[in-house]
Amino acid sequence: MNKWFKSGSPWIWLSAGGVSISLISVLGLLWLIASRGLSYFWPSELYQFDLTDKNGVKSVVIGEIYDREQIPVGQLAHLNLDLDPEQEVLERLLIKTGNRELVSLDFRWILSHNITKTQTPKDLAVVERRTHGNFYGYIDSVVVDGKKVDENQLNELLIRVDKFQQQIDDLQKSDIGAINYQLERLRLKARKYQLQDKLTPERQAKIDSEVTSLNQRYAKLEQELLGYREEISRDHIVMRAMDGQLVTINFEYILKVTFNNQLSLIDKTALFISQIGSFLIEDPREANTEGGVFPAIFGTVLMVLLMTVIVSPFGVIAAIYLHEYAGKNSFTKLLRISVINLAGVPSIVYGVFGLGFFVYMVGGSLDQLFYSENLPSPTFGTPGVLWSALTLAILTLPVVIVSTEEGLSRIPLEMRYGSLALGATKAETLWRIILPIASPAIMTGIILAIARAAGEVAPLMLVGVVKMAPNLPLDGNFPFLHLDRKFMHLGFHIYDVGFQSPNVEAARPLVFATALLLVSIIVALNMTAVSIRNKLREKYKMLEH
């Protein structure tokens with residue numbers, strides 16, 4: 001046994017066991033997130049429960065089963081239930097009932113003891129709406145132009161309404177949005193001339209002419225928009241709720257109507273995939289608790305890419321200076337100690353620094369110099385995607401510097417001396433020999449920077465991320481990429497939905513779905529960087545030998 005310990009085998013097995021446990025823990029966590037998150041999109045079976053309380057009052061509850069739990073009978077003593085004395089636990093169900101017009105909450109708990117009958121009617125429908133959440137009930141009638149029509153026409157009507165709604169969204173976001181943007185630019189242009197005492201009558205007349213032309217186009221588009229809205233607001237369906245009440249729902253607010261209990265496995269799978277697609281490409285609704293997360297996906301990826309473009313050259317240049325040019329003196333040692341210490345600074349401190357230096361100092365100065373016509377409304381003197389990228393670039397800079405410097409230190413001095421002996425300058429040696437060989441190490445630093453930056457939330461809350469961004473940082477208006485705009489982020493979206501949502505039960509599955517999406521994006525970005533690193537390693541493999 002003593003010989004076995006001295007051979008070092010126990011430590012090898014201990015390390016292997018630790019790695020295995022870590023791997024199993026990570027896979028288990030991913031499985032938990034994936035199972036909870038993907039279940040959010042699977043069409044659940046719809047139930048109708050007939051209830052009778054202890055006083056004999058009967059009621060009906062319609063909805064989806066969201067959760068089950070076992071409650072000790074002792075905790076329900078105050079309800080005076082007529083239970084078997086030997087019964088120790090009682091099951092209760094969390095039912096998503098929707099129908100916010102009739103009840104204040106989307107969810108309610110019901111005790112299995114009070115359920116007298118459970119049904120899954122085939123004609124029970126769930127109506128997904130743009131506002132006020134889902135509605136559960138039976139379709140009483142479908143009304144088109146004031147006349148009742150057959151329910152078989154429902155899908156055709158929904159397709160027609162969806163087509164009109166898409167045209168409305170395109171008009172509002174593209175055409176009307178572009179006109180509003182141009183009108184605002186003209187207003188600022190006139191104010192700039194006025195501040196510079198250059199607003200001549202000719203310039204004013206030209207601006208007024210352009211404004212008149214834009215207003216005329218706006219009026220035509222507004223009439224077209226009103227026409228589309230009239231087309232989709234004239235029709236409606238009448239739903240019968242669980243208490244027998246009739247509720248009218250206009251087609252303008254309906255996204256889709258599904259009869260979950262009529263769906264086959266293939267139909268459910270198709271709807272499952274469709275709902276995942278909608279989650280990825282649609283905008284959020286209902287305080288981020290419904291709809292999609294496309295703006296958050298776009299903001300996260302854009303911010304990470306900007307951060308990578310900023311941190312890579314600065315990190316590499318700093319590492320080259322420290323390793324190739326700086327002398328071995330006290331100043332260099334101080335710089336290295338500072339870089340190492342920066343890696344341990346809490347991320348929220350970087351956020352405070354970014355808010356004070358980038359937003360207020362740099363951004364405020366830019367507003368004074370180049371955007372004085374916008375003041376007192378700030379342009380760059382307010383949190384935005386550019387300042388978020390710069391803040392995270394500083395946060396991840398030590399990682400890139402340390403990784404690059406380690407890559408440079410592994411290159412033998414003989415390669416540098418050989419290049420110099422053949423007549424190459426130090427800059428040529430650096431560019432043609434050193435950097436290509438060190439490129440895999442540089443990519444490793446970038447990979448680590450991406451992994452850390454994509455999951456950071458605390459500093460972004462101070463320098464640019466918001467709960468809801470009305471416009472993406474990228475659009476069809478010049479200069480197309482608007483780095484001064486605020487943006488949405490998946491990490492902040494998880495925090496907002498999970499801890500700030502007015503409807504916690506409804507938001508819980510969405511938290512897991514968004515977390516799974518964030519992990520997937522981080523893995524995709526890292527795998528792309530790893531692929532580039534491996535190609536660079538193979539390309540410059542001969543130089544290392």
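Candidates are the residues of the stretch 31-53 that are among the small types (Gly, Ala, Ser) and part of a helix (DSSP H, G or I); the one that is surrounded by the most Cβ atoms within 10 Å (Cβ to Cβ) is Gly37. Taking the criterion of being free of Cβ contacts under 8 Å to residues at least 12 places away in the same chain, over 23 Å from Phe358 (Cβ atoms) and of a type in the set (A, V, I, L, M), the only residue of the stretch 462-508 that qualifies is Val504.
Kindly indicate whether any position in the stretch 299-322 is in contact with a strand residue (DSSP E or B) (Cβ under 9 Å, 6 or more places away or on another chain), farther than 24 Å from Arg160 by Cβ and hydrophobic (A, V, I, L, M, F, W, C). Yes, because at least one residue in the stretch 299-322 is in contact with a strand residue (DSSP E or B) (Cβ under 9 Å, 6 or more places away or on another chain), farther than 24 Å from Arg160 by Cβ and hydrophobic (A, V, I, L, M, F, W, C). For the stretch 441-459, the count of residues that are of a type in the set (A, V, I, L, M, F, W, C), touching an Asp or Glu at 6+ places or on another chain (Cβ under 9 Å) and within 23 Å of Thr332 (Cβ to Cβ) is nonzero. Contact map, the stretch 373-393: residues that are over 14 Å from Leu355 (Cβ atoms) and modelled with pLDDT of 90 or more paired with residues that are hydrophobic (A, V, I, L, M, F, W, C) and not in a helix (DSSP H, G or I), Cβ distance under 7 Å, separation 6+ or inter-chain. Pairs shown: Val385/Leu483; Val385/Phe487.
Only one of the numbered conditions (1) over 23 Å from Lys58 (Cβ atoms); (2) of a type in the set (Lys, Arg); (3) within 31 Å of the chain's Cα centre (by Cα); (4) part of a strand (DSSP E or B) is violated by Lys148, and that is (3).
Where helices (runs of 4 or more DSSP H) fall wholly inside the stretch 170-283, the ranges with 1 or more residues that are over 30 Å from Val60 (Cβ atoms), modelled with pLDDT under 85 and within 29 Å of the chain's Cα centre (by Cα) are 177-195.
For the stretch 419-430, does any single residue satisfy the condition of being over 17 Å from the mean Cα position of the chain (by Cα), closer than 26 Å to Phe298 by Cα and touching a residue at least 12 places away in the same chain (Cβ under 8 Å)?
Restricting attention to the stretch 419-430, the residues satisfying the condition of being over 17 Å from the mean Cα position of the chain (by Cα) are 419-430.
Remaining after also requiring closer than 26 Å to Phe298 by Cα: none.
Looking through the stretch 419-430, none of the residues is over 17 Å from the mean Cα position of the chain (by Cα), closer than 26 Å to Phe298 by Cα and touching a residue at least 12 places away in the same chain (Cβ under 8 Å).
Scanning the stretch 284-308 for residues being of a type outside the set (Phe, Trp, Tyr), touching a residue at least 40 places away in the same chain (Cβ under 8 Å) and part of a helix (DSSP H, G or I) gives a total of 12. Within the stretch 350-360, restricting attention to residues that are touching a residue at least 12 places away in the same chain (Cβ under 8 Å) and closer than 30 Å to Met443 by Cα, the residue that is surrounded by the most Cβ atoms within 10 Å (Cβ to Cβ) is Gly354.
One residue is enough: does the stretch 110-126 have a residue meeting the conditions within 29 Å of the chain's Cα centre (by Cα) and modelled with pLDDT of 80 or more? Quick ask: steps written out before the conclusion?
So in the stretch 110-126, the residues within 29 Å of the chain's Cα centre (by Cα) come out as 126.
Those still in the list that are modelled with pLDDT of 80 or more too: 126.
Yes, that holds for at least one residue.
Here's the yes/no breakdown for (1) closer than 28 Å to Phe41 by Cα; (2) out of contact with any Ser or Thr (no Cβ under 9 Å at 6 or more places or on another chain):
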| position | (1), (2) |
| --- | --- |
| Leu94 | yes, yes |
| Gly98 | yes, yes |
| Lys117 | yes, yes |
| Glu128 | yes, no |
| Tyr136 | yes, no |
| Val144 | no, yes |
| Lys163 | yes, yes |
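The values are calculated or read from the model by the stated rules, or taken from the named source; none is laboratory data. Keep in mind it's a predicted model, so treat the numbers as computed, not measured. Cβ atoms come from the backbone with ideal geometry, glycine included; neighbour counts cover every protein chain shown.
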